[in-house]
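The values are calculated or read from the model by the stated rules, or taken from the named source; none is laboratory data. Small disclaimer: the values here were computed from a predicted structure and weren't measured. Counting neighbours? That spans all protein chains shown, and the Cβs are built from the backbone with ideal geometry, glycine included.
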Amino acid sequence: MKEGLRQDRAGSVFKALRSLLPVLVILALIAAVPLFSPSNRFLSLAISAGINVIALYGLSVLFGQTGILSMGHAALVGVGAYAAAILARDFGVGFWAALPAAALASAVFAMIVGIPSLRVGGHHFVIMTFAFGQLLAIVLTNGGDYTGAATGLDLAGPVTLFGADMSDLTRYYLMVVAFVTSAAVASWAIINSSYGRTLRAIRENEKLAASLGINVGRHKIGAFVVSGIFAGISGVLLAYFLGHISPSQFSSFPSIYLALMVMIGGARLIEGPLAGGILVAFLPEVLNLDPVQSRIVYGVCLIAVIMLLPDGLIGGIVRALRAAFSGKPKQETQQRGAAEAQR
Amino acid sequence: MRAVDIFIQQILNGLSIASVITLIAIGVTLIFGLTGIINFAHGEFLMIGGIVTWLAVSAGLGFPLAVVLAILAVGLMGYILERGLFRFTLERPTNGFIVSLGLIVVLQHVVVLFWNPNQKSIPRPLTTVWEVGGVRIASVRVMVIAITIAVVALSFRMITASRYGRALRASVEDRDTAALMGIPVRRYITGVFVLGSALAGLGGALLIALFPITPFTGGTMVMKGFAVALIGGLGNIYGAVAAGLILGIVEGFSAGYGFSQWTDAYSFALMILVLIVRPHGLFGGTSGPRMAS
């Protein structure tokens, strides 16, 4: 009996590891890109995409696992970015020390936003996070010299790792890939932990979860704080990459784009944020669209994905592949599809 | 100017902005009350209304005709979007909300694509400025307030006194029971989308009579509309009107007494505060239609 249980657990760990594998392979391939001497433009695009993906992994824990949608995620990224810039300016704090500090700042901000917003609950949460995002942008704009007002702040600190200067594009790229990998692994670990199961229980049926003794409120705030940590780290990377940050980068419209990316990619799967971030960053390049056209395409994609593929693009592809390649999983996927549609 | 003159003038300015916000808030609150869909794209409906007005006036049409065109065009847009998209999200209102996010992005950038992102303005339809005992009153603001009062009064009358209004209120209260009583709820949902969109179109036409607008005006305006709808209690039309008045006056004063850079912050801060103290708004609202979840 006990033996069986252990085997079962080993089996589930193996299964969980197998779900991580495709992401690791893709990331390894992405890390090998500099070998083909890509253009600087490609590298910059890839770096911004990677920085977004880190924030998206946080958002996927919140939206994909817990089922709460935040329209203020860019604000959390902004708190991280401003924390890094202000720490560097006033206290001479460097990149590596800024990382935990900014993550903490974003987490605290997430808690400050989360406690009243989640108390209000349900439909209102989305609007509350949106309002907090707008408020933050207004506060940053009116913050005078301390926040650099509408022009924002400059940040010119070098990023060094073991004495090597990481500011070079290729090195920064590799560093961002490493961060994306840790974000993916962290989010995978959350999904496959009992904590992740708790969050999913809340997503599926909040009242039932509460009746099982799960402290729904605390876990929701916890998930929001966790997503804030991801966002804070992404903010530091963004601030050091761009060298200049301004309030408009973190208002509510960038938040909409983050939500759009995670939903186009699919919030519940580990590949989703990676796919969404890369797709949205490179689609204009591939299709040769100007920014206005590409935004129209994103909007249409989002509507199409929501109406046709509730699991996101990757979820849809996976389902289609499963259905195409074998008979038995086909039935299973159809059942899953039906269950999905009912929800 | 005497202090009391400034005071009266700011109330007037505040009320004219509040008029536009109230027009959005009514649509937002009705659509949410009936379908549970948080339609963020409602602000873009308003923006489109402004753009249609701008196009019509630029083409040489008079302002009154332009307003009618804006109302018709946005009402039709609401009809098409409800039939084509939102109808399919009624079972899962969250999806409706996400669809509205996509619509924001699409509508904004379609406008940018065809008519560039710059500010657009029309010559003021009424240029008279009355001077009453030292207070300068711009007639265009009075016009905006008067039209809004008339339209809101008409909507109230429709909703409180007619049998259609009673059916609508019954559907907001309890969709399933209303359907069992033979009320064609689906048709009412379409109707509310069209009505809400038409009001947003009117709001856009009135807004461009007051200020220049850009393709991105909708974002801030819809947030204020939601702030008003939430402060008043979602689904509660009376609440929306009352909260619109409160917000307009607060904004008017803040602009008149030297805190204008914080003007936009008040609506959000007020909304957050009200929701923390009274999650269902000052005047009580619904938390959306009861879903079989």
Per the filter on segment A:99-116, residues closer than 22 Å to B:VAL277 by Cβ, more than 7 Å from every other protein chain (Cβ to nearest Cβ) and free of Cβ contacts under 8 Å to residues at least 60 places away in the same chain are A:ILE112
Name the single residue, out of those in segment A:267-291 being surrounded by 19 or more Cβ atoms within 10 Å (Cβ to Cβ) and within 13 Å of chain B (Cβ to nearest Cβ), that is nearest to B:VAL105 (Cα to Cα).
-> A:VAL280
On the given criteria, is A:ILE317 more than 11 Å from every other protein chain (Cβ to nearest Cβ), without any contact (Cβ under 8 Å) to a residue 12 or more places away in the chain, among the β-branched types (Val, Ile, Thr) and in a helix (DSSP H, G or I)?
-> yes
Among (1) free of Cβ contacts under 8 Å to residues at least 60 places away in the same chain; (2) of a type outside the set (Val, Ile, Thr); (3) away from chain B (no Cβ under 14 Å); (4) out of contact with any strand residue (DSSP E or B) (no Cβ under 8 Å at 6 or more places or on another chain), which single condition is A:ALA186 missing?
-> (1)
Looking at (1) in contact (Cβ under 8 Å) with a residue 12 or more places away in the chain; (2) touching a Lys or Arg at 6+ places or on another chain (Cβ under 6 Å), which is the only condition B:VAL152 fails?
-> (2)
Matching entry among B:LEU72, B:LEU81, B:LEU65, B:LEU55 (being more than 15 Å from the chain's Cα centre (by Cα), among the hydrophobic types (A, V, I, L, M, F, W, C) and within 14 Å of chain A (Cβ to nearest Cβ)) = B:LEU81
Any chance segment A:64-76 includes a residue that's at pLDDT below 90, more than 14 Å from chain B (Cβ to nearest Cβ) and either surrounded by fewer than 20 Cβ atoms within 10 Å (Cβ to Cβ) or at negative phi (or both)?
-> yes
Taking segment A:66-108, which residues are of a type outside the set (Val, Ile, Thr) and in contact with a Lys or Arg (Cβ under 6 Å, 6 or more places away or on another chain)?
-> A:GLY67
On the given criteria, is A:ALA156 within 22 Å of the chain's Cα centre (by Cα) and either aliphatic (A, V, I, L, M) or within 11 Å of chain B (Cβ to nearest Cβ) (or both)?
-> no
In segment B:116-139, is there at least one residue being out of contact with any Cys (no Cβ under 7 Å at 6 or more places or on another chain), part of a helix (DSSP H, G or I) and more than 14 Å from chain A (Cβ to nearest Cβ)?
-> yes
Residues of segment A:150-182 satisfying the condition of being touching a Pro at 6+ places or on another chain (Cβ under 8 Å) and part of a helix (DSSP H, G or I) = A:ALA150, A:THR170, A:TYR173, A:LEU174
